[in-house]
Amino acid sequence: MLDLSRLNPPQRTAVTFEDGPSLVLAGAGSGKTRVIAHRIAWLVEQGVPPDSILAVTFTNKAAAEMRERVKALSGTAGKESVIATFHGFGLWFLRQEHEAAGLPRWFSICDAGDQVTIAKRCLADVSLDGRRLDVRRLISCMSEQKALGASGTGGARGLGASASVPPSVPDDDYLAVADALLPRYERALRAQRSVDFEDLIVRPVALLSADPSIRDRYRERFQHVLVDEFQDTNAVQLRLLELLCAPLTSASGGAGRARAGARKSTAKPAPVNASTIPPGVHPWAGRSLCAVGDDDQAIYGWRGADVRNILGFERYFPGAAVIRLEQNYRSTGRILECANGVISRSSTRRPKRLWTEAATGDPVRVVALPDEQEEARFVAGEVGRALNSGLRPAEIAVLYRLNAQSQAFEEAFREVGIPHTVKGGPAFFDRSEVRDILAWLKVCAFPQDDVSLVRAVNAPARGIGDVALERLGTWAAGRGEPVSAVLRSASAVPDIPRGAPERLEQLANTIERFRARFGPGRIAEPARMMFEELDFRAWLRRGVMSAEAGTRRAEAVDSVLRTLEWLERRHPASTLGSFLNRLALDSRDDEPEDVEGVALMTLHAAKGLEFPLVFLVGVEEDLLPVSGIQGEARDLEEERRLAYVGITRARQTLWITRATARTRRGRVEPRTPSRFLEDLPAGAHVRHDPESGSTPEATAARSSEVLRALRARLGGRN
Ligand code: ATP
Ligand code: MG
């Protein structure tokens with residue numbers, strides 16, 4: 001039996017909320033995610049069939065954790081309910097509805113790299129006065145257009161009312177080119193039976209909007225929908241929720257199935273529509289939507305998330321109950337004071353104040369070091385100390401604003417032998433050699449994936465030139481077929497270079513041989529054989545100047561194979577296709593989890609997580625708040641919220657570090673402390689910096705001694 005006594009009264013209200021929409025709007029560490037897990041378990045205990053529950057979170061890791069928590073609380077529900085990310089849910093939905101969506105059962109997801117390849121290929125015949133265009137920006141314009149289009153199709157209300165136009169309004173030139181490019185790009189996606197990330201939400205929204213029978217089916221299926229981190233939803237995600245969770249009005253047709261079990265609620269046969277709702281019956285009878293979130297942690301504005309979704313929740317879901325949680329169970333008093341200090345200066349929030357019954361704890365320590373290497377060595381020293389005193393590596397995190405900051409920490413940790421894992425690192429899966437490896441795997445999993453085929457053709461080189469590929473591609477396009485389908489017919493292509501047809505036929509045979517070896521639960525071994533037969537490691541070693549770089553590239557094959565083995569162990573019935581699609585969805589989450597190490601990750605990746613010991617590093621102007629990156633204007637409010645997210649990840653101990661100088665493009669530049677440091681309350685933190693009388697050099701010298709001792713103990717390199 002579920003123990004509700006381990007919840008405080010407002011948490012209990014949220015967990016046992018009966019029918020209709022509810023929003024838990026509460027600060028960090030107040031138990032929002034705990035509410036979601038308990039509510040799923042509670043619903044099941046009330047007799048709700050687990051498979052009628054849908055819970056959506058933001059990362060694969062969070063979804064996996066949620067499944068574990070629910071399983072621990074209520075056994076089967078963790079397995080049978082749909083607990084996924086928004087994109088994961090979209091993928092699941094499109095698999096169910098692939099026919100209605102005009103997709104084959106095994107379509108592939110085109111990742112960010114593939115998108116660039118396709119867009120560039122389509123761009124070859126779209127030009128703008130010979131000017132160079134930023135392809136990624138064009139892709140994001142196209143994504144915005146797709147999102148706008150989808151949300152506007154049918155439904156009670158178009159996108160305009162429920163969503164914002166993303167903050168960076170692209171200039172007219174980009175919009176015009178994106179307009180011209182979009183149909184070609186979509187055609188190219190269709191030709192290779194792919195969908196892109198945007199499609200994973202946009203296409204389900206389009207289907208649900210356009211087809212009432214599908215909409216009814218899913219409304220009937222999912223009687224209870226739960227959403228974590230609601231503050232980071234965007235317009236299309238909100239639309240998806242509106243389509244799935246609407247109450248019974250004349251605009252919607254479906255209704256809840258009778259709820260089995262002991263609940264006293266007004267269960268009734270389904271489907272029902274407005275005209276058949278008996279008088280006095282709650283329009284949400286037997287159905288609910290529970291969203292939890294914190295407007296202070298809205299950190300995805302740059303990706304189109306709209307904090308107004310949470311602030312206007314009651315408007316989108318009329319009659320919604322709003323429940324507030326104010327007790328923080330995560331952090332010590334001083335950590336919380338620092339968090340409150342930083343976030344209370346935010347000008348665009350709903351005021352709230354978190355409190356805790358936990359001990360005041362140690363003050364937050366703010367340390368200045370002379371440069372980024374010393375900063376990393378200092379952190380390594382403190383991490384080592386914590387490990388010696390009994391903390392496990394996985395209980396420690398180093399959080400930074402930009403992926404590029406991880407390198408110095410990786411080096412320092414390696415030097416002293418501290419186990420660590422870089423989450424969401426300078427994307428391993430974006431490295432050129434890793435993309436070559438994945439291209440072969442994709443060719444085996446998705447016969448129509450031409451982007452991968454073209455990449456694999458000459459990796460390693462097999463004497464098939466660009467001219468041959470281009471002519472074959474044009475010929476195939478003319479016949480409306482993917483290149484992969486015509487590899488054996490190349491001799492029919494006019495002007496195809498001599499020798500090419502034979503080589504293409506050989507390639508087709510090779511691919512077929514490889515492909516036949518894969519099957520459910522048979523992934524790692526066929527992949528290993530394939531890369532051996534292709535002599536991939538040797539080829540990767542050859543392509544570079546230094547032996548070290550060559551080794552690093554060759555090791556990528558082993559990394560991928562290890563990931564495949566890990567996957568096979570965890571999901572014995574998994575197929576290569578499902579692995580690749582999961583990887584595309586969120587590659588950073590799919591690193592082997594059995595390596596226990598100190599987590600190095602960005603503030604964005606740390607959302608929702610907690611650690612006893614946290615190092616928030618690089619707290620300087622131009623890093624936190626970051627200066628404009630990738631053409632995005634910086635949003636100071638969002639940067640402040642990121643700092644708040646970072647601080648609130650810590651349970652017992654928080655270090656905040658900064659460097660007084662950093663090397664940028666080969667030049668040493670002085671650095672200014674972050675403005676957010678000024679908002680830390682005086683009694684809650686102590687400073688070790690020039691202003692407090694301790695020089696960064698002296699701090700660094702002390703940390704060198706610690707490191708020397710550590711090296712001896714942990715057995716790192718000298
Ligand atoms: P975030 O905003 O960072 O996502 P959250 O609001 O989702 O945080 P949780 O992660 O659910 O917070 O909870 C934070 C910590 O507090 C967890 O360790 C959780 O187990 C604990 N906790 C929450 N509520 C209670 C409670 N009533 N009693 C004891 N511990 C609790
Ligand atoms: Mg949470």
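Largest accessible area first, the listed residues Lys71, Lys79 line up as Lys79, Lys71 when surface is computed with a 1.4 Å probe on the assembled protein chains. Model label sites at Thr672 and Arg136, defined 7 Å from Cα along the beta-carbon direction, differ in position by 2.7 nm.
Considering only beta bridges that DSSP places wholly inside the chain, some 15 percent are antiparallel. Computed over neighbours whose Cβ is under 11 Å from that of Val322, the net charge equals +1, Lys and Arg +1, Asp and Glu -1.
For region 34-138, the set of GluC sites (Glu not before Pro) satisfying both a DSSP loop assignment and a count of at most 16 other C-beta atoms within 10 Å is given as Glu99. Label sites at Asp535 and His571, each approximated as a point 7 angstrom past Cα along Cα to Cβ, lie 3.5 nm apart. Here Ala698 and Asp173 are evaluated by their C-beta separation; at R0 = 60 Å the FRET efficiency comes out at 0.65.
Name the GluC sites (Glu not before Pro) in region 371-423 that are in a loop by DSSP and that have at most 11 other C-beta atoms within 10 Å, would you? Intermediate values should be presented prior to the final figure.
Working: sites: Glu372, Glu374, Glu375, Glu382, Glu395, Glu410, Glu411, Glu415; in loops: none.
Within region 371-423, no GluC sites (Glu not before Pro) qualify (loop, at most 11 other Cβ atoms within 10 Å).
Placing Ser489, Ser574 in order of accessible area, with the largest value first and a 1.4 Å probe, yields Ser489, Ser574. If the segment from Ala72 to Leu311 were pulled out straight at 0.36 nm per residue, it would be longer than the present Cα-Cα gap by 82.8 nm. How many angstrom lie between the Cα centre of region 661-703 and the Cα centre of region 24-87? Region 661-703 and region 24-87 have Cα centres separated by 41 Å. Of the peptides 663-674, 439-450, the ranking by mean beta-carbon count within 10 Å, highest at the top, reads 439-450, 663-674. Near Thr360, once Lys and Arg are set to +1 and Asp and Glu to -1 for all other residues with Cβ below 10 Å from its Cβ, the sum equals -1. The dipole here belongs to region 360-427: it is taken about the Cα centre, uses +1 on the Cβ of Lys and Arg and -1 on the Cβ of Asp and Glu, and is about 260 debye.
For the pair Leu4 and Asn388, a Förster radius of 51 Å applied to the C-beta separation gives a FRET efficiency near 0.80, rounded to the nearest 0.05. Comparing Trp475, Phe579, Tyr400 along the charge dipole axis of the chain, the residue lying farthest to the positive side is Phe579, per the Cβ-charge model. Computed 3J(HN,Hα) for region 215-231, one whole-Hz value per residue from the Karplus formula 6.51 cos²θ - 1.76 cosθ + 1.60 where θ = phi - 60°, is 4, 4, 4, 6, 5, 6, 5, 9, 7, 10, 10, 10, 10, 9, 6, 4, 4, glycine and proline marked x. Among the protein heavy atoms, those of Ser491 account for about 90 Å² of accessible surface (1.4 Å probe, every chain in place).
First measure r as the distance between the Cβ atoms of Arg187 and Glu99, then evaluate 1/(1 + (r/R0)^6) with R0 = 22 Å and state the FRET efficiency to the nearest 0.05.
Working: r = 20 Å, r/R0 = 0.92.
That gives a FRET efficiency of 0.65.
Restricting to DSSP loop positions (anything but H, G, I, E, B) with no more than 12 other Cβ atoms inside 10 Å of their own Cβ, which trypsin sites (Lys or Arg not before Pro) remain in region 335-437? Before the final figure, lay out each step's value.
Values: sites: Arg345, Arg349, Lys352, Arg353, Arg365, Arg377, Arg385, Arg401, Arg414, Lys423, Arg431, Arg435; in loops: Arg345, Arg349, Lys352, Arg353, Arg401, Lys423, Arg431.
Qualifying residues, ordered by number: Arg353.
Cα centroids of region 90-111 and region 497-575: 26 Å apart. Annotation: for a label point projected 7 angstrom from Cα along Cα→Cβ of Leu636, residues of region 313-357 with backbone N closer than 13 Å are 345-348. Farthest toward the positive end of the dipole of the chain, out of Ala554, Gln237, Val307, is the Cα of Gln237, where the dipole comes from beta carbon charges about the Cα centre. The dipole here belongs to the chain: it is taken about the Cα centre, uses +1 on the Cβ of Lys and Arg and -1 on the Cβ of Asp and Glu, and is about 1200 debye. Residue ranking by accessible heavy-atom surface, 1.4 Å probe, largest first, among Tyr329, Tyr316 comes out as Tyr329, Tyr316. Spin-label model, Glu705/Asp51: points 7 Å from Cα along the beta carbon direction are separated by 6.6 nm.
The values are calculated or read from the model by the stated rules, or taken from the named source; none is laboratory data. What you see is a predicted model, and the numbers here were worked out from it, not measured in a lab. Here Cβ is always computed from backbone atoms with ideal geometry, including for glycine, and neighbour counts include all displayed protein chains. Ligands, DNA and RNA are stripped out before the accessible areas are found, and what is left, the full protein with its side chains, is counted by its heavy atoms. Shrake-Rupley method; radii C 1.70, N 1.55, O 1.52, S 1.80 Å.
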